[in-house]
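Just below is one structure, and these are the notes that go with it.
The values are calculated or read from the model by the stated rules, or taken from the named source; none is laboratory data. Note that the coordinates shown come from a computational prediction; the quantities given were computed from them, not determined experimentally. Reconstructed Cβ throughout: ideal geometry from the backbone, glycine too, with neighbour counts over all protein chains shown.
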C-alpha cells in the first residue's frame, strides 16, 4: 500500500485527536518533536516495513538519513531481535504478525457525559495478529528504565492510542514494545480491556472525540 494512502483518508485517527489536544491544551514541547518522529519512522520502517528501506543509499521512501541515524536505528533493531530470542511472545509477533495493517470504522459510537454521538474512525497497526484477534505498537523512547517507560505511556498518551485501537478493532488485549534510544534496552507493557491503562486511555479519547465532534458539527 502507498504509505500516503492511509494518511490521506478522512476518518478520525488518534493523531487527529493529538492535534486537537495540542490546540486546546498547548504545553511546553520537550525536545525536537519533528526529529523524534523522523527517527521513529526510520526504526518503524526497518522493523515493520523493510521493503521501504534502501540500506545502500540509507533512505526510506527516498528520504535520506545520516549514517549516525541509520546505524543507531539498526542497533535498536538488533536489540529487539536479541530480545526475541528469549521472549517467545515477541518472537511470535516478529515472525507472524501483519505489519502496518489499517482498519476503518465508518461509524463508531461514543458516549461522553451521558451524550451519545458517532464518528468515522481509523487506525494503523504496527503489528496485527489475525490468528489471535489483537495487535500492538512499536515505540522508540528516551526512557532508560522500565519505570521511565511506564511514566511515558501516560505522559505521551500511548494509553489513549492503545484504547483507541482496541475499540476500533474490538480487541480485548494489546501491547507496546519500546526500544530505548539511550541504551537500546527493550521495554514492554501488556494491556487488557478494563485494566487501568485501558480505562485511563479510553477516558482520554472519549473527551477528545467529543470535542472533535463538536468542532465538526457543520
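Would you check if there is a residue in the range 150-158 being part of a strand (DSSP E or B) and either in contact (Cβ under 8 Å) with a residue 60 or more places away in the chain or under 22 Å from residue 83 (Cβ atoms) (or both)? Taking every residue of the range 150-158 in turn, none turns out to be part of a strand (DSSP E or B) and either in contact (Cβ under 8 Å) with a residue 60 or more places away in the chain or under 22 Å from residue 83 (Cβ atoms) (or both). No other residue among 188, 182 is assigned to a loop (DSSP other than H, G, I, E, B), closer than 23 Å to residue 44 by Cβ and touching a residue at least 40 places away in the same chain (Cβ under 8 Å) apart from 182. Filtering the range 38-59 for residues that are surrounded by 12 or more Cβ atoms within 10 Å (Cβ to Cβ), part of a helix (DSSP H, G or I) and more than 20 Å from the chain's Cα centre (by Cα) leaves an empty set. Tell me whether the range 163-181 contains one or more residues that are buried (at least 21 other Cβ atoms within 10 Å of the Cβ) and within 14 Å of residue 21 (Cα to Cα). Checked the range 163-181: no residue is buried (at least 21 other Cβ atoms within 10 Å of the Cβ) and within 14 Å of residue 21 (Cα to Cα). Within the range 90-97, is even one residue touching a strand residue (DSSP E or B) at 6+ places or on another chain (Cβ under 7 Å) and farther than 21 Å from residue 193 by Cα? Yes, there is a match, as at least one residue in the range 90-97 is touching a strand residue (DSSP E or B) at 6+ places or on another chain (Cβ under 7 Å) and farther than 21 Å from residue 193 by Cα. Pairs are defined by a Cβ separation below 8 Å, a sequence spacing of at least 6 or placement on different chains, a first member in the range 11-37 that is at pLDDT 95 or above, and a second member that is assigned to a loop (DSSP other than H, G, I, E, B) and surrounded by 10 or more Cβ atoms within 10 Å (Cβ to Cβ); the pairs so defined are 18/157; 21/157. Flag: residue 65 matches the condition of being within 23 Å of the chain's Cα centre (by Cα) and either surrounded by 13 or more Cβ atoms within 10 Å (Cβ to Cβ) or modelled with pLDDT under 95 (or both). Filter the range 112-149 down to residues that are farther than 26 Å from residue 6 by Cβ and surrounded by fewer than 21 Cβ atoms within 10 Å (Cβ to Cβ), then give me how many there are. The qualifying residues number 11.
Looking across 177, 165, 205, one residue alone is assigned to a helix (DSSP H, G or I) and in contact with a helix residue (DSSP H, G or I) (Cβ under 7 Å, 6 or more places away or on another chain). It is 205.
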